[in-house]
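Undergrad: Here you go, one structure.
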Amino acid sequence: MILVVVEHDAGTVDRLSSEALTLGRSLAEAIGGPLQAVVWGPGAAGTAGPLGAMGVAAVHEIVEARLTEYAPEAIGKALAQLIERDAPAAVIGTGSERGAEVLAHAAARLGGPLAANVTEVRPGESWQVTRQRWGGSLLEEARLDGSVRLLTVAPHAFAPVSAPAAAGAPTTVHPFAPDLTDRDFRVKITSHVPAEEGAISLADARVVVGGGRGVGSAEGFAQLDELAALLGGTVGVSRVVTSAGWRPHAQQVGQTGTRIAPDLYIACGISGAIQHMVGARSAKAILAINTDRDAPMVTRATYAVIGDLHAVLPAIIAAVRAAR
Ligand SMILES: Cc1cc2nc3c(=O)[nH]c(=O)nc-3n(C[C@H](O)[C@H](O)[C@H](O)COP(=O)(O)OP(=O)(O)OC[C@H]3O[C@@H](n4cnc5c(N)ncnc54)[C@H](O)[C@@H]3O)c2cc1C
């Protein structure tokens, strides 16, 4: 059996979990076993329908009254207990910070190895994995031993799972009551900052308008906001911008920010440092706007405009408006 750790928002399966399910499904087929999922939190049971359509045969819901918010130690311990009970051949988590944290807790409790950020898995007598290291700048070939293989999937290394041709059978939800103590809830979310109404998540946006040091000031972002709104996208920024306090960290793209996978990334005044590109490498096309024709972002871009972004952006905005 292959077990996928699924993250969701009130029953809606998130994109990275859907990518983990793609790997899970191919591994289940390869070893000839069923694909199962584990979920927790408010609305978890609502994932059963969509997961059934994605080929998941059974959903385990961690049922625990104190688990109303993300609590990594508690979830990791509950996951370890479920793994000990059901002995799956492999457990797959998402490449999100949460996925990595929960799987790391489970691996530590089980005393087994965890391969993080895998891009390919070859099951066999000994399982071989390819995984991203150093922020994705190199690939490592590794052998994963242990009775249970614990993996997290590198973000955007797999396409989101597609529903099977025949509508999947409705899946059964099996409640799982873990043995947890108050101590397991030492780390948990205690408050939320609500997203702006109608805001598009950076990780899911089809168009991202990125801004770096070249934007020059917090006020300079007005043109980027305008273009992002026109294109139905959102704004992402470099670390220089968040360090300067021009925009919040939630908008940072990169190794220590969000990894994006838009159809189009319009990178304005961003040099394209490796730590930034780690987060932008899954963009299908990049339009770089930069005064420096030798900037790494320009050399990696699909299209580039060499010039001052504060002159180029108004021209693009006017052209988009005219085309409409
Ligand atoms: C451990 C670690 C983690 C990091 N994590 C991240 C991360 O997650 N995300 C991230 O972004 N960075 C990260 N960094 C920082 C990274 O190394 C770079 O310093 C940063 O990305 C540079 O930001 P920038 O491109 O905005 O600025 P710069 O490198 O200064 O580039 C500014 C660019 O703007 C251009 N420009 C200037 N004026 C204009 C204009 N008027 N019009 C058009 N172009 C103009 C310049 O030619 C230049 O190419 C990390 C660094 C470390 C050490």
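Undergrad: In the range 36-104, carbon and sulfur make up what percent of the accessible area (probe 1.4 Å)? List each step's numbers first, then the result.
TA: Values: 1200 of 2150 Å².
The value for the range 36-104 is 56 percent carbon and sulfur by accessible area.
Undergrad: Right, here's the next one. If you scale each eigenvalue of the Cα gyration tensor by 5 and take the root, what three semi-axes come out for the range 1-139, rounded to whole angstrom and sorted largest first? Display every interim value, and only then the final one.
TA: Details: eigenvalues 97, 61, 46 Å².
Rounded to whole Å, the semi-axes are 22, 17, 15.
Undergrad: Would you mind calculating the gained length between S282 and D182 on full extension (0.36 nm times residue separation, minus the Cα-Cα distance), in nm to one decimal?
TA: Details: separation 100, 0.36 × 100 = 36.00 nm, distance 4.06 nm.
My answer for the length gained is 31.9 nm.
Undergrad: Continuing with the same structure: Roll a 1.4 Å probe over the protein heavy atoms and report the accessible area of D14 in Å², nearest 10.
TA: Number for this one is 50 Å².
Undergrad: Can I ask one more? Could you order D179, D145, D184 so the one with the most accessible surface comes first? Probe is 1.4 Å.
TA: Working: D179 110, D145 70, D184 10 Å².
Output order, biggest surface exposure first: D179, D145, D184.
Undergrad: With θ set to phi - 60°, apply the Karplus curve 6.51 cos²θ - 1.76 cosθ + 1.60 along the range 277-291 and write out the HN-Hα couplings as whole Hz, x wherever there is a Gly or Pro.
TA: 3J(HN,Hα) across the range 277-291, in whole Hz: 5, 3, x, 10, 5, 8, 5, 6, 9, 10, 10, 9, 10, 7, 7.
Undergrad: Once neighbouring chains are kept in place and the probe is 1.4 Å, which whole percent of the accessible area of the range 202-260 is contributed by carbon and sulfur? Walk me through the intermediate numbers first.
TA: Working: 1210 of 2390 Å².
The value for the range 202-260 is 51 percent carbon and sulfur by accessible area.
Undergrad: Using a 1.4 Å probe and ignoring any ligands, DNA or RNA, find the accessible area of R98 and quote it in Å² to the nearest 10.
TA: Surface open to solvent at R98 totals about 110 Å².
Undergrad: Given the -39500 (n - 2.57) contribution per DSSP H run of 4+ residues, what per-residue ellipticity at 222 nm results for the chain, rounded to the nearest 500 deg cm²/dmol? Write down the numbers at each step before the final one.
TA: Values: 9 runs with 93 residues, N = 324.
That comes out to -8500 deg cm²/dmol.
Undergrad: I'm a student and want to see the number: the projected area of the Cα convex hull of the chain, averaged over all directions, in nm².
TA: Numbers: hull surface 72.0 nm².
Seen from a random direction, the Cα hull of the chain projects 18.0 nm² on average.
Undergrad: Express in whole angstrom the spacing between the alpha-carbon centres of the range 73-113 and the range 128-205.
TA: 11
Undergrad: Ignoring ligands, DNA and RNA, what accessible area per residue does the range 51-116 give at 1.4 Å, in Å²?
TA: 35
Undergrad: Taking every DSSP beta bridge that has both residues in the range 71-201, what percent is antiparallel when rounded to the nearest 5?
TA: On the way: 11 of 18 bridges.
Expressed as a percentage, antiparallel bridges in the range 71-201 total about 60.
Undergrad: I'd like to check one number: the per residue accessible area of the range 202-308, probe 1.4 Å, reported in Å² as a whole number.
TA: Working: 4540 Å² over 107 residues.
Accessible surface, normalised per residue, equals 42 Å².
Undergrad: Roughly how far apart, in whole Å, are the Cα centres of the range 1-27 and the range 291-315?
TA: Spelled out, the Cα-based centre of one part sits 38 Å from the other.
Undergrad: With +1 on each Lys and Arg Cβ and -1 on each Asp and Glu Cβ, and nothing else charged, work out how big the dipole of the range 138-244 is about its Cα centre, in Debye to the nearest 20. Let's see the in-between values first.
TA: On the way: 8 positive and 12 negative charges, 48 e Å.
The dipole magnitude comes to about 240 debye.
Undergrad: Indicate, rounded to the nearest 5 percent, the antiparallel portion of the DSSP beta bridges found entirely in the chain. Could you put the intermediate results ahead of the total?
TA: Values: 13 of 57 bridges.
Roughly 25 percent of the DSSP beta bridges within the chain come out antiparallel.
Undergrad: Another question about this same structure. Which order do you get for W40, W127, W246, W134 if you rank them by accessible area with a 1.4 Å probe, largest at the top? Kindly include the intermediate steps, with their values, before the conclusion.
TA: Values: W40 35, W127 10, W246 65, W134 190 Å².
Accessible-area ranking of W40, W127, W246, W134, largest first: W134, W246, W40, W127.
Undergrad: Of A244, S201, T190, whose Cα points farthest to the positive end of the dipole of the range 174-250 (charges on the beta-carbon: +1 Lys, Arg; -1 Asp, Glu; origin at the Cα centre)?
TA: Value: A244.
Undergrad: Report, by chain and number, residues whose modeled amide H sits under 5 Å from the one on A58, excluding near sequence neighbours (fewer than 5 apart, same chain).
TA: A37
The values are calculated or read from the model by the stated rules, or taken from the named source; none is laboratory data. Source: prediction; values computed, not measured. Note that each Cβ is placed from the backbone with ideal geometry, even for glycine, and that neighbours are counted across all protein chains shown. Quick note on the areas: whole protein, heavy atoms, side chains included, nothing else; ligands and nucleic acids left out. Shrake-Rupley method; radii C 1.70, N 1.55, O 1.52, S 1.80 Å.
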